[in-house]
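**Student:** Structure provided below as structure tokens; questions to follow.
What follows is calculated from the coordinates using simple rules that are stated; it is not laboratory data. Keep in mind that this is a model prediction, so the values were computed, not measured. As a convention, Cβ positions derive from the backbone with ideal geometry for all residues, glycine included, and neighbour counts pool all protein chains shown.
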Amino acid sequence: MARDAQETRRRLLAAAGEEFAERGFAGARVAQIVSVSGVNSALLYRYFGSKTGLFEAVFSQLAAEVVHAVPITPDDLAEYAGALFDYHQAHPEVVRLAAWQRLEQMASRLPESIAAAQTEKVRAVAAAQEAGLTARSLPAEQLLALVVHISLLGSATSPVPEPGTAHEVRRLAIVAAVRAITAP
């Protein structure tokens, strides 16, 4: 029976995504990843080179999914923050994996595709600022970073607001806060 390399990679990435999001890089075990994926460890190393290579592939894939799933709306950063919040609530593993990546300093720079998407978002925000559609109180890069961080309030890695607060209430608070700091 011929192996399907794409399917093998997909299964490894899925199992690794769960393991890394749950336990971080240091706590994740290759044995668990190969067990869950049903793929032998030799193929993991063949496709990704190392546990670090696998982590970077998982992180790149999840980051790319967020970029594509939640396109920026530079003329309405409040709704962009709300859409990011919705995505983070539906995909808490993305938030956890990003937190582990920062905590364990897994990469000194973002993957190229993500860095390019980030640069494009900053340009879009700067253009919205220039057109008078959003506040100019902060440089575009700082404003975008602030909006993204506010969208994480109430996520798996944020202690605020109270965990029992309804999704809609948290979303409204996030959108209102971003609207307040981005109003032209």
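**Student:** Take the Cβ-Cβ distance between Asp86 and Ala42 as r, set R0 to 41 Å, and report the resulting FRET efficiency rounded to the nearest 0.05.
**Tutor:** 0.55
**Student:** While we're here: Suppose we look only past 23 Å in the calculated P(r) of the chain. What percent of the Cα-Cα pairs does that tail hold?
**Tutor:** Of the Cα pairs, 48 percent sit more than 23 Å apart.
**Student:** How far is helix 92-103 tilted, in degrees, relative to the longest principal axis of the Cα atoms in the chain, given as a value from 0 to 90 rounded to the nearest 10?
**Tutor:** 90 degrees
**Student:** Taking the dipole about the Cα centre of the chain, with the C-beta of Lys and Arg at +1 and of Asp and Glu at -1, give me whichever of Ser50, Ala131, Leu152 is farthest to the positive side.
**Tutor:** Ser50
**Student:** How big is the dipole moment of the range 5-182 about its Cα centre under a simple scheme where the beta carbon of each Lys and Arg is +1, that of each Asp and Glu is -1, and everything else is neutral? Debye, nearest 20, please. Working shown, then result.
**Tutor:** Working: 16 positive and 18 negative charges, 95 e Å.
Charge dipole of the range 5-182: 460 debye, to the nearest 20.
**Student:** Which trypsin sites (Lys or Arg not before Pro) from the range 59-116 combine a DSSP loop assignment with at most 11 other Cβ atoms within 10 Å?
**Tutor:** Arg109
**Student:** Angle, helix 51-69 long axis vs. longest principal axis of the chain, Cα atoms, 0 to 90°, nearest 10?
**Tutor:** Helix 51-69 and the main axis of the chain meet at about 40 degrees.
**Student:** Once you have the Cα-Cα distance between Gln61 and Ser113, take 0.36 nm times their residue separation minus that, and quote the gain in nm to one decimal.
**Tutor:** 17.7 nm
**Student:** A further question on this structure: So if each residue of separation counts as 0.36 nm, and I subtract the Cα-Cα distance between Gln32 and Leu138, what length gain in nm does that give?
**Tutor:** So the extension gain works out to 33.7 nm.
**Student:** At 222 nm, what helix-only mean residue ellipticity would the chain give, in deg cm²/dmol to the nearest 500, using -39500 (n - 2.57) for each DSSP H run of four or more?
**Tutor:** When only DSSP H runs of four or more count, the value is -23000 deg cm²/dmol.
**Student:** Using only the alpha-carbon atoms, how far is helix 5-27 inclined from the longest principal axis of the chain? Give it as 0 to 90 degrees, nearest 10.
**Tutor:** Compared with the principal axis, the helix lies near 70 degrees.
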